[in-house]
Amino acid sequence: MLRKEQNDLLTQTGAGTPMGEMFRRYWIPALLAEELPENDCAPVRVRLLSEKLIAFRDTQGRYGLMDEFCAHRGVSLWFGRNEECGLRCPYHGWKYDVTGQCVELPSEPEATGFRAKIKLRSYPLVEFGGVLWTYMGPEEHQPGLPEYEFAQMPPARRYVSKRLQYCNWLQALEGGIDSSHVSWLHRDALRSDPLMTGSRGNQYNMGDLAPVFEVADQPAGLFIGVRRDAEPGSHYWRITPWCMPAFTMIPPRAQHPIHGHFWVPIDDENCWAWSFDYHATRDLTTTELAAMRDGKGIHTRTIAGTYIPEANRDNDYLMDREGQKSGRTYSGVSGIAMQDASLQESMGPIIDRAKEHLTSTDGGIVMARQRLMRAARALATQGTAPPGVDPATHRVRSAAVVLPAGVKFDEAAREALMARPGEAHASV
Ligand code: FES
Ligand SMILES: [Fe+2]
């Protein structure tokens with residue numbers, strides 16, 4: 001359980017809050033590259049870390065991310081005209097380039113110097129791995145670009161999607177590092193989802209419903225190891241890396257692609273659930289890609305033209321009571337992504353963690369909260385850079401392995417937990 005001030009510290013990410021300032025030390029996913037598909041395309045509203053921003057791609061293909069509102073009298077630049085290397089406010093014609101600099105201000109003579117002083121707050125926006133990344137922190141602390149393995153893959157080897165989730169980012173992250181719920185909430189997927197089936201690990205998963213959690217520090221965050229009984233004398237380990245603040249990877253199954261998430265705060269009551277799949281040694285097959293686009297695996301079908309899930313809180317997530325009764329879906333909600341989101345949203349936008357009753361299977365969550373709070377406080381009080389800022393620390397992988405009983409999982413699986421270019425992930 002957490003006291004109110006601890007919960008506030010963890011869940012508030014606006015500018016000036018300790019966790020908000022910490023988030024601003026990392027590159028975070030802002031948009032899918034497909035959202036700004038061509039030069040001079042329509043601008044897109046972006047809300048991140050409680051800031052209202054506008055993203056656009058100019059005539060020369062440069063990306064910009066800046067304050068959504070015109071410096072003149074506050075019109076939303078979503079209404080802007082994207083023309084000739086700048087976004088022009090339609091109200092009185094002030095025009096801004098991708099850095100937020102006002103480049104035309106028709107009502108004032110240039111000689112006054114007024115125009116040159118007008119600049120909207122702006123952040124870098126960089127395309128990398130099918131994602132547009134931004135860094136919203138102090139310029140002098142901007143790290144090198146991220147090196148998460150999925151984003152390093154050629155396009156044919158990866159698939160990335162995102163969906164809107166109506167709750168605080170930490171609720172979503174905590175689902176991502178809680179491997180114990182898989183044997184309950186997602187048990188039908190282990191039998192039926194084309195991106196999950198056919199793994200020996202699925203039998204171990206269902207054969208031992210009381211997994212043992214062990215957690216190990218790693219430079220960017222944690223490795224969360226979950227042990228279940230395998231054959232006598234051995235254990236099946238599912239190992240989830242968490243890189244601070246919001247990157248997690250799910251242990252793979254058989255030779256299906258490996259996958260994971262980013263949980264990015266939109267504001268304190270909403271987040272983006274980013275989901276990626278990739279395979280380090282082969283292209284994704286057309287069958288796999290079709291399944292991902294159809295919302296299988298960790299992805300979900302979204303309402304056309306939006307990133308809002310088709311099954312959402314307004315339609316009770318298309319709850320199927322008959323399917324729940326018959327066991328076709330354990331929770332009655334279809335698909336892993338919305339099975340997670342429906343329950344996490346049901347807790348309310350920000351759960352009161354003073355009311356929880358945690359057990360040993362919540363060990364990963366407890367450790368992650370402690371590391372987040374420690375890092376946010378160290379940054380706020382001593383200016384200490386948080387873990388996971390250095391891109392070299394992003395090169396981790398999840399793993400699903402059978403290890404002899406009695407070994408330390410993070411040592412025995414050390415190789416498997418590193419991104420190894422040209423080598424497939426470790427999976428059973
Ligand atoms: S409000 Fe934008 S130009 Fe006047
Ligand atoms: Fe889940």
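Would you confirm whether or not region 397-407 contains a residue that is within 26 Å of PRO257 (Cα to Cα) and either polar (S, T, N, Q) or assigned to a helix (DSSP H, G or I) (or both)?
Scanning region 397-407, I find at least one residue that is within 26 Å of PRO257 (Cα to Cα) and either polar (S, T, N, Q) or assigned to a helix (DSSP H, G or I) (or both), so the answer is yes.
Give the residue that is surrounded by the most Cβ atoms within 10 Å (Cβ to Cβ), with candidates limited to residues of region 282-324 that are basic (Lys, Arg) and either within 21 Å of LEU190 (Cα to Cα) or in contact with a His (Cβ under 9 Å, 6 or more places away or on another chain) (or both).
Among residues in region 282-324 that are basic (Lys, Arg) and either within 21 Å of LEU190 (Cα to Cα) or in contact with a His (Cβ under 9 Å, 6 or more places away or on another chain) (or both), the one surrounded by the most Cβ atoms within 10 Å (Cβ to Cβ) is LYS296.
One residue is enough: does region 233-256 have a residue meeting the conditions within 14 Å of ligand 2 (Cβ to nearest atom), more than 17 Å from ILE298 (Cβ to Cβ) and buried (at least 21 other Cβ atoms within 10 Å of the Cβ)?
Residues of region 233-256 that are within 14 Å of ligand 2 (Cβ to nearest atom), as a first pass: 238, 240, 248-251, 253.
Narrowing further to those that are more than 17 Å from ILE298 (Cβ to Cβ): none.
No, every residue in region 233-256 fails to be within 14 Å of ligand 2 (Cβ to nearest atom), more than 17 Å from ILE298 (Cβ to Cβ) and buried (at least 21 other Cβ atoms within 10 Å of the Cβ).
Of all the residues that make up region 171-185, how many are β-branched (Val, Ile, Thr) and more than 8 Å from ligand 2 (Cβ to nearest atom)?
1
Looking at region 37-68, which of its residues are more than 21 Å from the chain's Cα centre (by Cα), among the hydrophobic types (A, V, I, L, M, F, W, C) and in a strand (DSSP E or B)?
Matches in region 37-68: PHE56, MET66.
On the given criteria, is GLU108 touching a helix residue (DSSP H, G or I) at 6+ places or on another chain (Cβ under 8 Å) and without any contact (Cβ under 8 Å) to a residue 12 or more places away in the chain?
Judged against the criteria, GLU108 is a match.
What about GLY14, is it within 15 Å of ligand 1 (Cβ to nearest atom) and assigned to a loop (DSSP other than H, G, I, E, B)?
Numbers: within 15 Å of ligand 1 (Cβ to nearest atom): no; assigned to a loop (DSSP other than H, G, I, E, B): yes.
The answer is no for GLY14.
Output the qualifying pairs, or none if there are none: Cβ atoms under 7 angstrom, residues six or more apart or on different chains, first residue in region 172-190 and aromatic (Phe, Trp, Tyr), second residue more than 8 Å from ligand 2 (Cβ to nearest atom).
TRP184/TYR330
Residues are listed down the side, and each one gets a yes or a no for (1) of a type in the set (Ser, Thr, Tyr); (2) farther than 18 Å from CYS167 by Cβ:
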position: THR302; (1), (2): yes, no
position: GLY305; (1), (2): no, yes
position: ASP314; (1), (2): no, no
position: GLY323; (1), (2): no, yes
position: VAL333; (1), (2): no, no
position: ILE350; (1), (2): no, no
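Matching residues to (1) within 14 Å of SER427 (Cα to Cα); (2) among the hydrophobic types (A, V, I, L, M, F, W, C):
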| residue | (1), (2) |
| --- | --- |
| GLU214 | no, no |
| PHE223 | no, yes |
| PRO251 | yes, no |
| HIS256 | yes, no |
| GLU269 | no, no |
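For region 158-170, state whether one or more residues are within 16 Å of ligand 2 (Cβ to nearest atom), out of contact with any Asp or Glu (no Cβ under 6 Å at 6 or more places or on another chain) and in a helix (DSSP H, G or I). I'd like the intermediate steps shown before the answer.
We begin by selecting, within region 158-170, every residue within 16 Å of ligand 2 (Cβ to nearest atom); these are 161, 163, 165, 167, 169-170.
Narrowing further to those that are out of contact with any Asp or Glu (no Cβ under 6 Å at 6 or more places or on another chain): 161, 163, 165, 169-170.
With the extra rule that they be in a helix (DSSP H, G or I), the set shrinks to 169-170.
Yes, there is a match, as at least one residue in region 158-170 is within 16 Å of ligand 2 (Cβ to nearest atom), out of contact with any Asp or Glu (no Cβ under 6 Å at 6 or more places or on another chain) and in a helix (DSSP H, G or I).
Tell me which residues, restricted to region 162-189, are closer than 26 Å to ASN7 by Cα and among the polar types (S, T, N, Q).
Answer for region 162-189, where residues must be closer than 26 Å to ASN7 by Cα and among the polar types (S, T, N, Q): GLN165, ASN168, GLN171, SER179, SER180.
Please enumerate the residues belonging to region 3-31 that are surrounded by fewer than 19 Cβ atoms within 10 Å (Cβ to Cβ) and not polar (S, T, N, Q).
ARG3, LYS4, GLU5, ASP8, GLY14, ALA15, GLY16
Does at least one position in region 37-44 carry a residue that is surrounded by 21 or more Cβ atoms within 10 Å (Cβ to Cβ) and of a type in the set (A, V, I, L, M, F, W, C)?
Checking region 37-44: not a single residue is surrounded by 21 or more Cβ atoms within 10 Å (Cβ to Cβ) and of a type in the set (A, V, I, L, M, F, W, C).
Filter region 106-133 for residues that are part of a loop (DSSP other than H, G, I, E, B) and buried (at least 20 other Cβ atoms within 10 Å of the Cβ); which is farthest from ligand 1 (Cβ to nearest atom)?
Kept after step one, since they are part of a loop (DSSP other than H, G, I, E, B), are these residues of region 106-133: 106-109, 113-114, 118, 120-121, 124, 129-130.
Subsequent filtering for residues that are buried (at least 20 other Cβ atoms within 10 Å of the Cβ) retains 120, 129.
On the way: LEU120: 11, GLY129: 35 Å.
Across region 106-133, the extreme among qualifying residues is GLY129.
Yes/no matrix, rows are residues, columns are (1) touching a residue at least 60 places away in the same chain (Cβ under 8 Å); (2) farther than 18 Å from ILE224 by Cα; (3) within 16 Å of ligand 2 (Cβ to nearest atom):
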| residue | (1), (2), (3) |
| --- | --- |
| GLU322 | no, yes, no |
| GLY332 | no, yes, yes |
| SER342 | no, yes, yes |
| GLN370 | no, no, no |
| ALA380 | yes, yes, no |
| ARG395 | yes, no, no |
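Return yes or no: is ARG420 touching a helix residue (DSSP H, G or I) at 6+ places or on another chain (Cβ under 7 Å), farther than 22 Å from ARG25 by Cβ, of a type outside the set (S, T, N, Q) and part of a loop (DSSP other than H, G, I, E, B)?
Judged against the criteria, ARG420 is not a match.
Anything in region 83-98 that is away from ligand 1 (no atom under 16 Å from the Cβ) and either surrounded by 15 or more Cβ atoms within 10 Å (Cβ to Cβ) or part of a strand (DSSP E or B) (or both)? List them, or say none.
Within region 83-98, CYS85, VAL98 qualify.
Evaluate the following for TRP242: is it of a type in the set (Phe, Trp, Tyr), in contact (Cβ under 8 Å) with a residue 60 or more places away in the chain and over 29 Å from ASP8 (Cβ atoms)?
no
Just so you know, all these numbers are worked out from the coordinates, no wet-lab data involved. Computed from a predicted model, the values in this text were never measured in an experiment. Glycine gets a Cβ as well: all are built from the backbone with ideal geometry, and neighbour counts include every protein chain shown.
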